[in-house]
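S.K.: Take a look at the following structure, please.
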Amino acid sequence: MKFKTALLGAVAMAALGNVAWADRGTDGDLKITFPQAVSIMNPYLSNGTKDVYGSSLVLEPLAGIDDQGNLIPKLAVEIPTIENGGVSADMTSITWKLQPGLLWSDGTPVTADDAVFTAAYCMDPSGGCAQLSKYDGVKSVEALDASTIKVTFTGPKPYPYTAFVGALSPLLQKAQFAACQGAAAPTCTDANNMPIGTGPFKVTGFTVNDTVTFEANPNYRDPAKPAFATAMIKGGGDAESSARAVMQTGEFDYAWNTQIPPDSQKAMAEAGKGEFVVAFGTLVERLEMNMTDPSADLPEGERSTAKHPHPILSDVNVRKALSMAIDRAALVEVGYGAAGEPACNILPAPAAWSAGDTSCIAQDLEGAKKLLDEAGWVPGADGIREKDGRKLHILYQTTVNPVRQDFQALIKDWWTSIGVDVELKAVDPSVFFGGDAGSPDTFQKFYADVEMYANNSDAIDPEAYLAQYQCSHAPSPDNQWQGDNINRFCDPAYDSTYAELQKTTDVAKRQELAKKLDMMVTTDSKIVVPLVHRGTLSAHSNALGGVKINAWDSEMWNIADWYRVK
Amino acid sequence: MTDTRAAATRPDKPDSQLRAIWQQFRTHTGAVVGLTILAILVILVLIGPFAWNPGKPSVLEALKSKNLGPSLRHPLGTDQIGRDLLTRMIQAGKVSLAVGFVAMAISILFGTTIGILAGYFRRLDGPLMRLTDVFLALPLIPLLLVLMMLFRDKVAALTGPELGVFLLIVMAIGVTSWMQTARIVRGEVLALKEREYVLAARSIGTPPRRLILRHILPNVVSPVMVAATLGIADAIITESVLSFLGLGFPPDFPTWGRLLFDGVEYMQLYPVRVIWPGLAISLTVLSVNYIGDGLRDALDPRIRGR
Amino acid sequence: MFVFTLRRLLLAIPTLLVISLVIYLLVDFAPGSPMSEIPLTVPPEVRQKMIAALGADQPVLVRYLLWLRQFFWVEPAYLIDGWFGTHLAGDEQRILSWQSRSPVFTIIGQRIPQTLTVVGTAYLVGALIAIPIGIYSAYRQYSWFDQLGTLFAMIGFSVPTFFTGTLFIIIFAVELGWFPTKYDTMLNVTDWSSFLTQLRQMTLPVMTLGLANAAAISRYMRSSMLDNLGQDYVRTARAKGEPERTVVLKHVLRNSLIPVVTVIALGIPSIFGGAIITENLFGVNGIGAALILAIHASDLPMVQTLTFIFAALIVLFNLIADILYGLLDPRIRYD
């Protein structure tokens, strides 16, 4: 009903000859739906994407990232660089300048103190801040004057755009959160659910895990924006019902994360009520090879640890053969359609940081067989390859997810055809990713030979992301299985190249090193076998204009510019 | 209708009670049809793999023929990665029928035993019903997760992986679904044991064991039959929930519940994807229901005698 | 009967305490962690700190005792403070959800109305349809009405709600466009037109749930009626010349209600428990949807509180069922 009224209103407006998006609040209600509902509006206490995106309508950082991956100022006047003097020559500090006359939605001025407070809030050791890694290496944050913020690092920081950049690290209002620091952080329910911000909208209502309602922020810095007077985010259901609500019934204007089968994408797009948009970030669906022996015959505490190298997968030729047997284009066609591309690297984008390897895309079953023959794995009586009396048997696990189960079935077929015996296993995602040291089914424990999931870098500069393949990051009983080097890959050459990356400040040189590190774990060694570069598929109705989907920041990064198509 | 026919075909002197029950059962049209349909389903899934073997196409060929409707080559069509649905329905049927019947049997056995004991022996009523309350209150999903985590490897080591998973699944479904039956049976027994004929039997010194088996049990058959019918459908669907949590059979092991679950995503474009498994489950439940009807009539001496 | 009720109510206290401990240990022991929905990009050290900030790294018994104290002392104190403006609770910590950091009882308060209106209506509709169908099916056993009822019930029961719900969405929302697919929880019923909107958005979830409920109840009703229709007292009543209507609706129905009362008594707590799949499918923010979200996120305080309230309702309604047995059949005695 509401939607219809809004439409009628829109038609009436057009008849009156009003120019679209000329004034704040003239375009009525904006309805957004998420398949998972927003739980909390404070991204420092949760980094579920749904929560971060929801809060990005209200809370803003000093700088954001646009749809091309470039830094853009938000609350700051400009992006500080070495050239404009904002970043010190030795790269140990960065100085931000706030725009003049900024107001919070309650009408009070935004000052450098708010930024100082935000940093202290997140870096408080008892607060359990989810974005702590954004403040990694920050020595101090100080207010030089009411509108100048200086962030000092403990050492040279080649990429200083972490704190206060992007939807993961926005400014909180000191006045609202002053009593919520440290252990008190979770108890400030009202502040966490209805934060005061500087963004185009302000929160008017919040029901946990269901709906957030907004109205245009009267103090937003651009008096002509946002075009919508009110907005709401309704959560829940699944990707399919979200897509349907935009593309078929037209109840909603925008749906985030509508990953549905390619055939359904096509059918829904043909209905003509809206369109799908895809943003490609760095998310890569991959197979991870276990370099250690997961055998159940080993005593608990030694399974999948560096003590016992993997009896089959330690051989690089086996890993190569397994990768060669996969037809990545077929996987994309079955699972992702427009929202996927074949990938051979763990850093598929942006172009400047990606090695852009394509050597893995062509499937080569014969080559794979030959490679296994040469490695001494020859077919036995039952067609399954064996070597020294050991069968080529692989336990291949992933999470419960329809696309992943299709991938498992296809990959099992290909591997069976080159003489590998494959056993499949699917684990509930909340157990798989839960990291519970008591469960045998977590992805960190890796009690399987091969496992499949997706991972990405949350920053354009991949230094933090590439840290995971260092020797010392391997999960083991000693660290309660909490490492992120899932493969237990250990190569001194990788560690030393990574150390070099950490010291390098020249961007072009850093890009070279990142590509080299990427190739070391993918194409060169097949420790990681990338399959598909995945995008996020979202949908917007034809009546919504101004959407520029963005994989590097919140998808709602430019919601102030969205308008009703008339 | 049934009565007149029963009278017409009733032999003069049935050899045994079992025979009499069978005689009565045979006259129940619905039960006979139900039994026939169930028998056909069972035979189909047992001999199906030998009778229908379309051969395994290469992955590329299969992908070219994905999401097809029914045709001669694929009588029930194909799924999203080109697998023949008839083959999958047959494989799935074996597992689903087995899980459905065994899990239902476990749950009915548990439920009826506990219900009768609690209803008949006053001293057991309190403890058993509090136990039932505990099981009713336990959240199902964490319970299943814990059961599987604790016992999966152990049972698999004892019986081999496939049988192990099967046993664990039917046990898990069985121990989490007996409570309703138990409460219903107890309620009936509470009323039955105060009836005149039970009091009479007790007053002449009939031991409890005999009293329960001869006088109480036959009179709670009808709610138990309903519970059994509903239990089969429940078990088949619960199995798909287990798979959905990654606790069921390995992912390349189809079951009717899972085919239905996977098919829902494609329902709008390819309705056959949900029609076949939905039909198979409904047919099974429907036939069990009619068999249950017939069995109840046959077991009821009042009807049998007429 | 009064003594029996009192004794059972007193016995319920230790029972519920045991249940709460069992649930707590079970949920805590289940694999999964509150961090499972946090993206992989968050480093392991930060995860550890987040868990510590939740208090989730404390020993399980410490957390259980804290929960007991919060549930039985702090939360009632807050409630009383809210009513009378007192300050009993002081600054004591309420039960906070790990996932959303909001007080669990605030979330429950937000969600109960939705669950009661949607799931409650569905249950009522289901029972109101099922009982007459069951009675008439049994009375005219093997008539076309009975056969049709059987078919309907069996299909209703053997196809799960995730299937019927999606089917209804495709037919009635996508193709015909009669009803919305997403439930608007912000809708306030203030006048006739908003009431109609509310009715419209309730229709699909109520249909989905009502079908499943009606199926089961009608089967129990039918079978129980069948059992009693063949009894001697029915023949006696008829022989006495009582009207058929009285025989069926007074004598037979009353004696047939025991299994049906059990089924309904078991079903009423499940109204509170919500309908996990249906609520999720239609975006009704009810208790069921909250419970499943909490279970997937290993949100222990939320799961524990919800299941405990659920357990209390089960114990209560089973007691009510026992009392009803006595009223329906005076021969049943408990002491």
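The values are calculated or read from the model by the stated rules, or taken from the named source; none is laboratory data. Note that the coordinates shown come from a computational prediction; the quantities given were computed from them, not determined experimentally. Note that each Cβ is placed from the backbone with ideal geometry, even for glycine, and that neighbours are counted across all protein chains shown. Note: accessible area is taken over every heavy atom of the protein model, side chains too, but ligands, DNA and RNA are not part of it. Shrake-Rupley method; radii C 1.70, N 1.55, O 1.52, S 1.80 Å.
S.K.: Just checking, does the stretch A:386-396 include any residue being among the hydroxyl-bearing types (Ser, Thr, Tyr) and more than 15 Å from A:Ile312 (Cβ to Cβ)?
M.R.: Looking for residues that are among the hydroxyl-bearing types (Ser, Thr, Tyr) and more than 15 Å from A:Ile312 (Cβ to Cβ), one finds none in the stretch A:386-396, hence no.
S.K.: What's the number of the only condition in (1) away from chain C (no Cβ under 11 Å); (2) assigned to a helix (DSSP H, G or I); (3) open to solvent by 20 Å² or more (accessible area, probe 1.4 Å) that A:Ser264 fails to meet?
M.R.: Only one criterion is unmet by A:Ser264, namely (3).
S.K.: Would you mind telling me which numbered condition in (1) surrounded by 18 or more Cβ atoms within 10 Å (Cβ to Cβ); (2) at the interface with chain B (Cβ under 10 Å from one of its Cβ atoms); (3) more than 17 Å from C:Ile129 (Cα to Cα) C:Met202 fails?
M.R.: (2)
S.K.: Just one of (1) under 30 Å from C:Trp98 (Cα atoms); (2) open to solvent by less than 40 Å² (accessible area, probe 1.4 Å); (3) in a loop (DSSP other than H, G, I, E, B) trips up A:Ala115, so point out which.
M.R.: Unmet condition: (3).
S.K.: Take A:Thr162 and decide whether it is open to solvent by less than 30 Å² (accessible area, probe 1.4 Å) and in a strand (DSSP E or B).
M.R.: On the way: open to solvent by less than 30 Å² (accessible area, probe 1.4 Å): yes; in a strand (DSSP E or B): no.
The answer is no for A:Thr162.
S.K.: Do you know which residues across the stretch C:147-183 are surrounded by fewer than 24 Cβ atoms within 10 Å (Cβ to Cβ), more than 7 Å from every other protein chain (Cβ to nearest Cβ) and of a type in the set (Val, Ile, Thr)?
M.R.: Result: C:Thr161, C:Thr164, C:Ile171.
S.K.: Just to be sure I understand, how many residues within the stretch C:276-320 are open to solvent by less than 30 Å² (accessible area, probe 1.4 Å) and touching a Pro at 6+ places or on another chain (Cβ under 7 Å)?
M.R.: 10
S.K.: Looking only at the stretch B:156-169, which residues are buried (at least 22 other Cβ atoms within 10 Å of the Cβ) and either under 14 Å from A:Ala296 (Cα atoms) or of a type in the set (Ser, Thr, Tyr) (or both)?
M.R.: none
S.K.: Restricting to the stretch A:231-276, give me the number of residues that are aliphatic (A, V, I, L, M) and within 22 Å of A:Asp561 (Cβ to Cβ). Even if it seems obvious, please write down each step before you answer.
M.R.: Restricting attention to the stretch A:231-276, the residues satisfying the condition of being aliphatic (A, V, I, L, M) are A:231-233, A:239, A:243, A:245-247, A:255, A:260, A:267-269, A:271.
Among the residues that remain, those that are also within 22 Å of A:Asp561 (Cβ to Cβ) are: A:231-233, A:246, A:255.
Qualifying residue count, the stretch A:231-276: 5.
S.K.: Among the residues that make up the stretch C:22-37, is at least one of them open to solvent by 40 Å² or more (accessible area, probe 1.4 Å), within 14 Å of chain A (Cβ to nearest Cβ) and in a loop (DSSP other than H, G, I, E, B)?
M.R.: As a first pass, look at the stretch C:22-37 and keep what is open to solvent by 40 Å² or more (accessible area, probe 1.4 Å): C:22, C:25, C:28-29, C:37.
Still in the running and within 14 Å of chain A (Cβ to nearest Cβ): C:25, C:28-29, C:37.
Retained after the next criterion (residues that are in a loop (DSSP other than H, G, I, E, B)): C:37.
Within the stretch C:22-37, one or more residues are open to solvent by 40 Å² or more (accessible area, probe 1.4 Å), within 14 Å of chain A (Cβ to nearest Cβ) and in a loop (DSSP other than H, G, I, E, B).
Residue by residue, here is whether (1) under 25 Å from C:Ser158 (Cβ atoms); (2) away from chain B (no Cβ under 14 Å); (3) in a helix (DSSP H, G or I); (4) open to solvent by 40 Å² or more (accessible area, probe 1.4 Å) holds:
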position: C:Ile217; (1), (2), (3), (4): yes, no, yes, no
position: C:Met221; (1), (2), (3), (4): yes, no, yes, no
position: C:Ser224; (1), (2), (3), (4): yes, no, yes, no
position: C:Asp227; (1), (2), (3), (4): yes, no, yes, no
position: C:Val234; (1), (2), (3), (4): no, no, yes, no
position: C:Arg254; (1), (2), (3), (4): no, no, yes, yes
position: C:Pro259; (1), (2), (3), (4): yes, no, yes, no
position: C:Gly267; (1), (2), (3), (4): yes, no, yes, no
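S.K.: Then there's this: Of the residues in the stretch A:423-439, how many are of a type in the set (A, V, I, L, M, F, W, C), over 19 Å from A:Ser476 (Cβ atoms) and more than 7 Å from chain C (Cβ to nearest Cβ)? Steps first, answer last, please.
M.R.: Kept after step one, since they are of a type in the set (A, V, I, L, M, F, W, C), are these residues of the stretch A:423-439: A:424, A:426-427, A:431-433, A:437.
Right, trim to over 19 Å from A:Ser476 (Cβ atoms) and you get A:424, A:426-427, A:431.
Retained after the next criterion (residues that are more than 7 Å from chain C (Cβ to nearest Cβ)): A:424, A:426-427.
Total satisfying the criteria: 3.
S.K.: Being among the hydrophobic types (A, V, I, L, M, F, W, C) and under 29 Å from A:Ala279 (Cα atoms) is the filter here; which residues of the stretch A:435-484 pass it?
M.R.: In the first step, residues of the stretch A:435-484 are kept if they are among the hydrophobic types (A, V, I, L, M, F, W, C); the result is A:437, A:443, A:446, A:448, A:450, A:452, A:454, A:459-460, A:464, A:466-467, A:471, A:474, A:481.
Matches in the stretch A:435-484: A:Phe443, A:Val450, A:Met452, A:Ala454, A:Ala459, A:Ile460, A:Ala464, A:Leu466, A:Ala467.
S.K.: Now for a different question. Look through C:Gly55, C:Gly90, C:Gly109, C:Gly85 and report the one residue that is exposed (fewer than 14 other Cβ atoms within 10 Å of the Cβ) and under 30 Å from A:Gly54 (Cα atoms).
M.R.: Details: C:Gly55 fails: exposed (fewer than 14 other Cβ atoms within 10 Å of the Cβ); C:Gly90 fails: under 30 Å from A:Gly54 (Cα atoms); C:Gly85 fails: under 30 Å from A:Gly54 (Cα atoms).
Going through C:Gly55, C:Gly90, C:Gly109, C:Gly85 in turn, just one is exposed (fewer than 14 other Cβ atoms within 10 Å of the Cβ) and under 30 Å from A:Gly54 (Cα atoms): C:Gly109.
Quick grid of which residues meet (1) part of a helix (DSSP H, G or I); (2) without any contact (Cβ under 8 Å) to a residue 12 or more places away in the chain; (3) within 13 Å of chain C (Cβ to nearest Cβ):
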| residue | (1), (2), (3) |
| --- | --- |
| A:Ala184 | yes, yes, yes |
| A:Gly197 | no, no, no |
| A:Lys225 | no, no, no |
| A:Gly250 | no, no, yes |
| A:Thr258 | no, no, no |
| A:Val278 | no, no, no |
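S.K.: If A:Glu142 satisfies all but one of (1) within 14 Å of chain C (Cβ to nearest Cβ); (2) touching a residue at least 12 places away in the same chain (Cβ under 8 Å); (3) open to solvent by 30 Å² or more (accessible area, probe 1.4 Å), what's the number of the condition it fails?
M.R.: Looking at each condition in turn, A:Glu142 falls short on (1).
S.K.: Within the stretch B:148-197, which residues are among the aromatic types (Phe, Trp, Tyr) and out of contact with any Ser or Thr (no Cβ under 9 Å at 6 or more places or on another chain)? Give the steps one after another, and end with the answer.
M.R.: Narrowing the stretch B:148-197 to residues among the aromatic types (Phe, Trp, Tyr): B:151, B:166, B:178, B:197.
Once the filter is applied, which keeps residues that are among the aromatic types (Phe, Trp, Tyr) and out of contact with any Ser or Thr (no Cβ under 9 Å at 6 or more places or on another chain), the stretch B:148-197 yields B:Phe151, B:Tyr197.
S.K.: Hey, can you tell me all the residues within the stretch B:254-287 that are more than 9 Å from chain C (Cβ to nearest Cβ) and within 20 Å of the chain's Cα centre (by Cα)?
M.R.: B:Pro254, B:Thr255, B:Trp256, B:Arg258, B:Leu259, B:Trp276, B:Pro277, B:Leu279, B:Ala280, B:Ser287
Residue-wise test of (1) open to solvent by 50 Å² or more (accessible area, probe 1.4 Å); (2) in contact (Cβ under 8 Å) with a residue 24 or more places away in the chain.
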| residue | (1), (2) |
| --- | --- |
| B:Leu117 | yes, no |
| B:Arg122 | yes, no |
| B:Gly126 | no, no |
| B:Pro142 | no, no |
| B:Leu145 | no, yes |
| B:Met148 | no, yes |
| B:Lys154 | yes, no |
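S.K.: Of the residues A:Lys150, A:Lys174, which is touching a strand residue (DSSP E or B) at 6+ places or on another chain (Cβ under 7 Å), closer than 17 Å to A:Asp114 by Cβ and more than 10 Å from chain C (Cβ to nearest Cβ)?
M.R.: On the way: A:Lys174 fails: touching a strand residue (DSSP E or B) at 6+ places or on another chain (Cβ under 7 Å).
Just a single option satisfies the conditions, and that option is A:Lys150.
S.K.: Sticking with this structure for a sec: Return the total of residues in the stretch C:236-251 being open to solvent by less than 70 Å² (accessible area, probe 1.4 Å) and within 14 Å of chain B (Cβ to nearest Cβ).
M.R.: Residues flagged as open to solvent by less than 70 Å² (accessible area, probe 1.4 Å) and within 14 Å of chain B (Cβ to nearest Cβ) within the stretch C:236-251 amount to 0.
S.K.: From the set of residues in the stretch A:323-360 that are closer than 15 Å to B:Leu60 by Cα and surrounded by fewer than 17 Cβ atoms within 10 Å (Cβ to Cβ), which is modelled with the highest pLDDT? Break it down into steps so the answer makes sense when it comes.
M.R.: If we filter the stretch A:323-360 for residues that are closer than 15 Å to B:Leu60 by Cα, which is where we start, we get A:325-335.
After this cut, where a residue has to be surrounded by fewer than 17 Cβ atoms within 10 Å (Cβ to Cβ) as well, the list is A:329, A:333.
Numbers: A:Ala329: 91, A:Glu333: 87.
Per the stated criteria, the residue is A:Ala329.
S.K.: Also, quick follow-up: Report whether or not B:Thr29 is under 19 Å from B:Ile281 (Cα atoms) and surrounded by fewer than 17 Cβ atoms within 10 Å (Cβ to Cβ). Show your work before the answer.
M.R.: On the way: under 19 Å from B:Ile281 (Cα atoms): no; surrounded by fewer than 17 Cβ atoms within 10 Å (Cβ to Cβ): yes.
So B:Thr29 does not fit the description; no.
S.K.: If you take the residues in the stretch A:465-482 that are without any contact (Cβ under 8 Å) to a residue 40 or more places away in the chain and part of a helix (DSSP H, G or I), which one is surrounded by the most Cβ atoms within 10 Å (Cβ to Cβ)?
M.R.: Among those residues, the one meeting the criterion is A:Gln468.
S.K.: Looking at the stretch B:266-277, which of its residues are in a helix (DSSP H, G or I) and under 17 Å from A:Asp406 (Cβ atoms)?
M.R.: The one that is in a helix (DSSP H, G or I) and under 17 Å from A:Asp406 (Cβ atoms): B:Arg273.
S.K.: Given the structure, is A:Gln397 at the interface with another protein chain (Cβ under 7 Å from one of its Cβ atoms) and open to solvent by less than 10 Å² (accessible area, probe 1.4 Å)? Walk me through how you get there before you give the answer.
M.R.: Numbers: at the interface with another protein chain (Cβ under 7 Å from one of its Cβ atoms): no; open to solvent by less than 10 Å² (accessible area, probe 1.4 Å): yes.
Judged against the criteria, A:Gln397 is not a match.
S.K.: Does A:Ser105 fit the bill of being open to solvent by less than 30 Å² (accessible area, probe 1.4 Å), under 19 Å from A:Tyr159 (Cα atoms), touching a residue at least 24 places away in the same chain (Cβ under 8 Å) and small (Gly, Ala, Ser)? Even if it seems obvious, please write down each step before you answer.
M.R.: Working: open to solvent by less than 30 Å² (accessible area, probe 1.4 Å): yes; under 19 Å from A:Tyr159 (Cα atoms): no; touching a residue at least 24 places away in the same chain (Cβ under 8 Å): yes; small (Gly, Ala, Ser): yes.
Taking the combined requirement at face value, the residue does not satisfy it.
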